[in-house]
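Trainee: Take this structure, written in C-alpha cells, and hold onto it; I'll ask about it next.
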Amino acid sequence: MKLAVGFITYQESSARYLADFLPSLEAALAFLDSGDYQVMVFDNSSSGDRSDAAILEVFSARQARQPLQYQTEGKNLGFSRAYNIMIRSALKMGAEYFFVINPDTLIEPDAIQKLIAALDTDASLASAAPKIRRWDFERKEKTGRLDSAGIILKAGLNFSDLGQGEEDRGRFDRADILGPSGAAALFRLSALAKVAEAGKDNVEVQYFDERFFMYKEDCDLAYRLFLAGYKSRLVPEALIYHDRTAASSGQGLSSAWSDRQRKSRQVRSWSFANQHLLFVKHWKKQNLASRLIIMARILIMFIFSLILEQFLLKSYWSVFKLSGGLTNIK
C-alpha cells in the first residue's frame, strides 16, 4: 500500500470542521494517480460522545473501495498515543507513507500528490512539509498569512514554526527545515521505524513519544529523525489551510502576549512542560553553547511563571515524573 492517512477527532471541537475538511480530503485523494490508500480516524472523544458519527459514516460510504477505518478507546489518549496506534496499523498494512493531518484544515486538491512526489524522488527525505497558511474558519476564508512553513531549530533546543504569523510572499519557499508541523505532515514509514523508541516496560515501540500528550511531539520526532541522518523538505506548492487557534496573529511582544492569553491554561501547561521535557531528553546531545542557552531559557521560563503565570509551577512535577518514566532518554 502506498499511503495511509490518519487524523484524530475530539468530540465537538473537531466535529464542527468535518463538513469542510472531509470533502477537501476526498478531493485530494481523488487527485492521486491510484486509489492505493487507507484513511484512518482515531476518535479521542469520551465514551458515548459521537458528535461526528453521521458525517464520518457518509465519508466512509463514499470511499467504497476502502472504507474509513475507525478506532477509539472511549477516552482521550493524547495526540502521540493515538497516532502511534494508527502508525502501527499502517505498518501492518504495508503502507509506504503516512500522512498526518488535523481535521481543522482544508487541503488543496493536489497537495498530497505533491508531497508524495517529493518523497518518491528523494530517498534521503524522511518527511515532507506542506506550506500551511491560516484558515479563518469563522469567516470561511483562506488567508495569505502563514501558519507554518515547517519546523526550524535554533541553538538551545528552540523549536518554532517557520514564518508563523507572516504574510506569505514566498521568501521561505527554499528554506531548510528540521521537519513538518504536526498539523500536516507526510512521513516515510521506514524512517519512523528506524527512530522508534521503546515505550513503557518495552511492551511496544513509540514513533511519537507518548510522554508528549499534546504539543511539541512533532518537534521531538523531527529532531530524532534529524539526529538519525534523515532530511525533511518544505514543498511550497503543496498548500494546506489551518485554523490553528494557538497560532500567532502578528508580530511583536504585544501580539505574542495577546495570543498567549487566548490559549487555555491546559494548553499553556502542556507546552511549558513539554518544552522542559525536550530539554531533559536531548540535553546530552547539545554542545556547550547550546547547554548555556538552555540553562538561560530555563531560568527565564521559571521567573516568568513565578511572576506572571504561577499555575505553570505545577508543571515541574509533571516533568520530573515524565523524565524518569522511560528508560530510553539518551
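The values are calculated or read from the model by the stated rules, or taken from the named source; none is laboratory data. None of the values given here were measured: they were computed from a predicted structure. When we count neighbours, we look across all protein chains shown, and the Cβ atoms used for this are built from the backbone with ideal geometry, even at glycine.
For every residue, the table says whether it meets (1) in a loop (DSSP other than H, G, I, E, B); (2) of a type in the set (Gly, Ala, Ser); (3) modelled with pLDDT of 95 or more.
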| residue | (1), (2), (3) |
| --- | --- |
| Ala19 | no, yes, no |
| Leu32 | yes, no, no |
| Gly35 | yes, yes, no |
| Ser45 | yes, yes, no |
| Ala61 | no, yes, no |
| Leu77 | yes, no, no |
| Ile87 | no, no, yes |
| Ala118 | no, yes, yes |
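Trainee: Here's something else I'd like to know. Can you tell which of Ile101, Ile85 is over 30 Å from Asp136 (Cβ atoms), under 19 Å from the mean Cα position of the chain (by Cα) and in the same structural domain as Ile8 (by TED's automatic domain parsing)?
Mentor: Numbers: Ile101 fails: over 30 Å from Asp136 (Cβ atoms).
Result: Ile85 is the single residue among Ile101, Ile85 that is over 30 Å from Asp136 (Cβ atoms), under 19 Å from the mean Cα position of the chain (by Cα) and in the same structural domain as Ile8 (by TED's automatic domain parsing).
Trainee: Sticking with this one: Quick check: is even one residue across segment 143-150 modelled with pLDDT of 95 or more, in a loop (DSSP other than H, G, I, E, B) and surrounded by 15 or more Cβ atoms within 10 Å (Cβ to Cβ)?
Mentor: Within segment 143-150, one or more residues are modelled with pLDDT of 95 or more, in a loop (DSSP other than H, G, I, E, B) and surrounded by 15 or more Cβ atoms within 10 Å (Cβ to Cβ).
Trainee: Within 15 Å of Ser232 (Cα to Cα), of a type outside the set (Gly, Ala, Ser) and surrounded by fewer than 21 Cβ atoms within 10 Å (Cβ to Cβ): which single residue out of Asp176, Asp136, Asp161 fits that description? First the steps, then the outcome.
Mentor: On the way: Asp136 fails: within 15 Å of Ser232 (Cα to Cα); Asp161 fails: surrounded by fewer than 21 Cβ atoms within 10 Å (Cβ to Cβ).
Just one listed residue meets the conditions, Asp176.
Trainee: Which condition number does Arg265 fail, the rest of (1) modelled with pLDDT of 85 or more; (2) under 30 Å from Leu18 (Cα atoms); (3) of a type outside the set (A, V, I, L, M) being met?
Mentor: (1) is the only condition that Arg265 fails.
Trainee: Could you check segment 17-32 and list, in sequence order, the residues that are in contact (Cβ under 8 Å) with a residue 40 or more places away in the chain and surrounded by fewer than 19 Cβ atoms within 10 Å (Cβ to Cβ)?
Mentor: Scanning segment 17-32 gives Asp20, Ser24, Ala27, Ala30, Phe31, Leu32.
The rows are residues; the columns are (1) buried (at least 17 other Cβ atoms within 10 Å of the Cβ); (2) of a type in the set (Asp, Glu); (3) over 30 Å from Leu292 (Cβ atoms); (4) outside the structural domain of Arg297 (by TED's automatic domain parsing).
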{"residue": "Asp168", "(1), (2), (3), (4)": "yes, yes, yes, yes"}
{"residue": "Leu189", "(1), (2), (3), (4)": "yes, no, yes, yes"}
{"residue": "Glu197", "(1), (2), (3), (4)": "yes, yes, no, yes"}
{"residue": "Ala228", "(1), (2), (3), (4)": "no, no, no, yes"}
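Trainee: What are the pairs, 6+ residues apart or on separate chains, where a residue within segment 215-238 that is over 20 Å from Leu278 (Cβ atoms) has its Cβ under 7 Å from a residue that is hydroxyl-bearing (Ser, Thr, Tyr) and outside any helix (DSSP H, G or I)?
Mentor: Short answer, once both residue conditions are applied: Lys231/Ser124.
Trainee: I'm told Glu12 meets every condition in (1) over 26 Å from Arg244 (Cβ atoms); (2) at pLDDT below 85 except one. Can you identify the failing condition by its number?
Mentor: Going through (1) over 26 Å from Arg244 (Cβ atoms); (2) at pLDDT below 85 one by one, Glu12 breaks only (1).
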